[in-house]
Amino acid sequence: MNAILKLFTCTVLASLLTGCASLLSEEVQELRVNLLCRQRPVAVSCTASNDLGRWQFSSPGTVLVLNDTSMLDITCKGNSTPRFTVSVPPMPSWTMAGNLLAGGLVGAAVDAYSGVGMKYPETIDISNPACD
């Protein structure tokens, strides 16, 4: 019985030292990207990139990206749309906020440094600069 209590105590202490977001979040995130012209979708070819990779997709559509602490650059070009790039910042996720409450600053700092506790917006609506 004493060994079980020690094992339980060690498990609880170890979980307090690790980030909850690291355990609860996925490293890959699906984003929906829409290029809009006067509130209507425009079909274009795009590339999303951050410090961890580069992904090709069509907009309107979805793309799977790796979460990171760096900006997500989205570059698009279409038949009637000149090439342009927008940058999207990552934001702390709800799991990271929960980790701050449950695990303290150490766990939140680990999550922020690793990028696991950061997320890009799930839907990114881009106003077509050629429409302005």
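The numbers here are math on the coordinates, done by the rules we state, and not lab data. As the structure is a prediction and not an experimental result, all values here were calculated from the model.
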Expressed in nm to one decimal, what extension gain is obtained for the pair Q39 and E122 from 0.36 nm per residue of sequence separation less their Cα-Cα distance? 28.0 nm
Please compute the length gained on full extension between R83 and S70, using 0.36 nm multiplied by the number of residues separating them and subtracting their Cα-Cα distance. 2.5 nm
Amide H neighbours of D125 under 5 Å, at least 5 residues apart or on other chains, H built in the peptide plane: list them. N34
